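Chemist: Quick one: the structure is below, and I'll ask about it shortly.
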Amino acid sequence: MSKINFWKKYLTAIGVTLLAMVITAYNNSARSQLPSVNLSDTSNPTSPQVSPTENSANSQSLAQQAVQVIHDYYNAIARQEYKQAYLAWDGDGSASKQSFEQFKQGFVNTVSVAEKVGKPSPIEGAAGSLYIEIPVTITAVTTNGTVQRYHGSYQLRRVNNVPGSTLQQRRWHIYSANISLEQSSNKGLPSKKIFHTRPLTVDR
């Protein structure tokens, strides 16, 4: 019986060894058929590039939005919707350096007002904000029939598309103004310069 047990153990050991060899050979064959992977390739996926044409179109769209703010501003004044016009200024109107009542009183003798917008400047960025300057010519008529013409420009500001910015912050608002009153009745005299950050008000 001892010999029989010996041979049983011997044959079992041989069987286990052969099975292990078969499994090893199969695994090696399977690995050889897998595609190789280059572990040294650590390059990151490239982000989509924005073409110059797309950048130009985006700038034009932003400039058009800024121009529309000026049109809406004077349309609101013409309709005597002064609160809407006041809020066109940055900081809920604070950039005008006036309270709302002061702003409203500035147009008390205005019968009509119309604007003509020139070519906007290139958009510039600084400290997370975008800026654009828009030249304007404004014609206003007072209650006594006086026609006044102004020349100058408005600077508009909006927050760039940065994380955490709100939709309101990403809209253009009037940031400052540089306006000159044309003295057409006094020929040969220089125009009266009005350099300020306040909104246009008609001289009484």
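The values are calculated or read from the model by the stated rules, or taken from the named source; none is laboratory data. Note that the structure is a prediction, hence the values are computed from the model and not measured. All Cβ positions, even for glycine, are placed from backbone atoms using ideal geometry, and neighbour counts span all protein chains on display.
Chemist: For region 113-120, state whether one or more residues are in contact with a His (Cβ under 8 Å, 6 or more places away or on another chain) and closer than 17 Å to Val67 by Cα.
Modeler: Looking for residues that are in contact with a His (Cβ under 8 Å, 6 or more places away or on another chain) and closer than 17 Å to Val67 by Cα, one finds at least one in region 113-120, hence yes.
Chemist: Could I ask something else about it? Quick one: how many residues across region 85-121 are among the acidic types (Asp, Glu) and part of a loop (DSSP other than H, G, I, E, B)?
Modeler: 2
Chemist: Could you list, in sequence order, all residues of region 156-204 that are under 19 Å from Gly118 (Cβ atoms), buried (at least 19 other Cβ atoms within 10 Å of the Cβ), at pLDDT 90 or above and of a type outside the set (Phe, Trp, Tyr)?
Modeler: Leu156, Arg157, Ile174, Ser176, Ala177, Ile179, Leu181, listed by residue number.
Chemist: Would you check if there is a residue in region 90-106 being more than 20 Å from the chain's Cα centre (by Cα), under 19 Å from Ser165 (Cβ atoms) and not acidic (Asp, Glu)?
Modeler: yes
Chemist: Can I ask one more? For residues that are assigned to a loop (DSSP other than H, G, I, E, B) and either crowded, with 18+ Cβ neighbours inside 10 Å or touching a Ser or Thr at 6+ places or on another chain (Cβ under 9 Å) (or both), tally how many sit in region 122-145.
Modeler: Result for region 122-145: 4.
Chemist: Oh, and also: Could you grab me the full set of residues in region 146-162 that are outside any strand (DSSP E or B) and either within 16 Å of Ala63 (Cβ to Cβ) or under 27 Å from the mean Cα position of the chain (by Cα) (or both)?
Modeler: Listed by number, the residues that qualify are Asn160, Asn161, Val162.
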